[in-house]
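Please read the structure below before turning to the comments.
All of the numbers you see were taken from the coordinates with simple rules; none came from a lab. Remember, it's a predicted structure, so these values are computed and weren't measured experimentally. Positions of Cβ are generated from backbone atoms using ideal geometry, with glycine treated the same way; all protein chains shown enter the neighbour counts.
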Amino acid sequence: MIPDGIELRKVSPLLQCSVIPQMAQPTDLVLREVDSAADEIVDFAAELIRIPTVNPPGEFYADCAQAIGARLQDFDFDVEYLAATSRPEHTKAYPRINVLGRRLGRVARPLLHLNGHFDVVPPGGGWTVDPFKGVVRDGRLYGRGSADMKAGLAAAIYAVEAVRRAGVGLQGTVEVSGTVDEESGGLAGVAWLAERGRLNATLTDFVIIPEPFGVDRICLGHRGVYWFDVVTYGRTAHGSMPFLGESAIVSMSRVLDAIRDELAPALLGRVTAMPVVPEGARRPTININGVSGGQADTSQPTPCVADRCTATFDRRFLLEENIKDVRKEMISLLERVAADEPGLKYDLSDRLIVEPVQTSKNSPLVTELQAAVGEVSGRSAQLVASPGTYDHKHVARLARVKQCVAYGPGNLEIAHQPDEWCAIDDLVQTTKVIALTIVRLIG
Ligand SMILES: [Zn+2]
């Protein structure tokens, strides 16, 4: 039956008997290009692994920025090298060089920025393969930084390239940046780009950071961080007559007991609505990062009563908590301990505060990524949040870009471990998802 108002067109006799070829959709062409580039993507990730960009101290950054920049240039990006000259960690021996590639669309906006850090943590012991060789074995790419996150950088670059190879023109603009120092806070990397206005809400609409969450997990944000030091003070005396002094270490042990007996159970009673994985991290946590005590003017043990003890704490807080209350809670615990322990003197000083961040699950970035994951993997994407922070904090706080997620190949649990690896299948699949998302968001 032909619905009303639809006119039958005359079909030429020639067309009548031939098979009309089905026009391939642009997205099919893009997916096909990713498949044919699979070996190239793995080779490029392996090439990056072979540059041992170990942080600390930040080795071979210039070489790695150059390797990424050269590939971006080959792929028709305008490339800039941006040295974080104003940062104290940018030195002659260890220059902090970031690389930024831009491919202008028909218009400047919307702009999608793909960012990956290229520094890696030191390899440590326990490896059964060379951590800097880029070994491919049994469908896996091995090496320090394979998952975290040189495979992610390769996925980002080849996702954009697959769109170009498929001949799909983009309306909006796409950028890819390779940045330094994420593993040590990112101040000379993403934070520096944001402070210099290179990554900013006035230019940038969407940011994807291909950190290793795997093909069907999209990370919306992370918990907050409060790092602080507590120092307790005592009165020194001869170690053979400790009753004549007051031990700062004994005082600190009172503080540690109170944290275990009072604060830790209170934290267990709070649960965030954020989808943090693993589930144990849906509650606030406190870790004692380190304790050192003794005589204030020496790091050597002496036959004396300790007059100083310092402990560094790492309190992770929830989106539903407030840093002011988190701090206040700690101070009132210290006050309670001091009230029970006449003569106990302490200081509390902040080291680092990172606010929790979360991108709305209803934002176009998340919904398009979710749809692309479904199309490529056939599974529905799991929305997660990270227990620890990553460069999203700078994108949110300094660049003020509201739509930012982490999505990339590899498995977070094996990052920073010996024999770190990324499944090649995961690398190809995430490249496809990112490529589809590019087409849908800015095509
Ligand atoms: Zn990382």
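Here are a few things to note about the model shown:
- Near residue 382, the amide H atoms lying under 5 Å from its own belong to 217, 218; only residues 5 or more places off or on other chains count, and H is placed 1.01 Å from N.
- Rounded to 5, percent antiparallel among DSSP beta bridges of the chain: 70 percent
- Applying the Karplus relation 6.51 cos²θ - 1.76 cosθ + 1.60 with θ = phi - 60° to the stretch 343-357 yields 3J(HN,Hα) values of x, 6, 10, 8, 10, 10, 9, 7, 9, 7, 10, 10, 6, x, 9 Hz, where x marks Gly and Pro.
- With a Förster radius of 22 Å applied to the beta-carbon distance between residue 347 and residue 270, the computed FRET efficiency rounds to 0.20.
- Adding -39500 (n - 2.57) for every DSSP H run of four residues or longer, then dividing by how many residues the chain holds, sets the calculated 222 nm ellipticity at -9500 deg cm²/dmol.
- Using the average count of surrounding beta-carbon atoms within 10 Å as a protection proxy, the listed peptides 144-153, 388-397 rank, highest first, as 144-153, 388-397.
- Shape call, the stretch 88-187: gyration tensor on alpha carbons, a/c limit 1.5: oblate
- Using only Cα coordinates, the Kirkwood hydrodynamic radius of the chain works out to 24.2 Å.
- For the stretch 283-291, 3J(HN,Hα) per residue [Karplus equation, 6.51 cos²θ - 1.76 cosθ + 1.60, θ = phi - 60°, Hz, x = Gly/Pro]: 9, x, 9, 9, 10, 8, 6, x, 9
- For residue 57, the shell of other residues with beta-carbons less than 13 Å away shows a net charge of -3, using +1 for Lys and Arg and -1 for Asp and Glu.
- Backbone geometry of the stretch 396-406 corresponds, through the Karplus equation with coefficients 6.51, -1.76 and 1.60 at θ = phi - 60°, to 3J(HN,Hα) couplings of 6, 7, 8, 7, 6, 7, 7, 9, 9, 9, 9 Hz, x marking Gly and Pro.
- Relative contact order of the chain, taken over Cα pairs closer than 8 Å and 6 or more residues apart, is 24 percent.
- Among residues other than residue 33 with Cβ under 12 Å from its Cβ, the summed charge is 0 (Lys and Arg +1, Asp and Glu -1).
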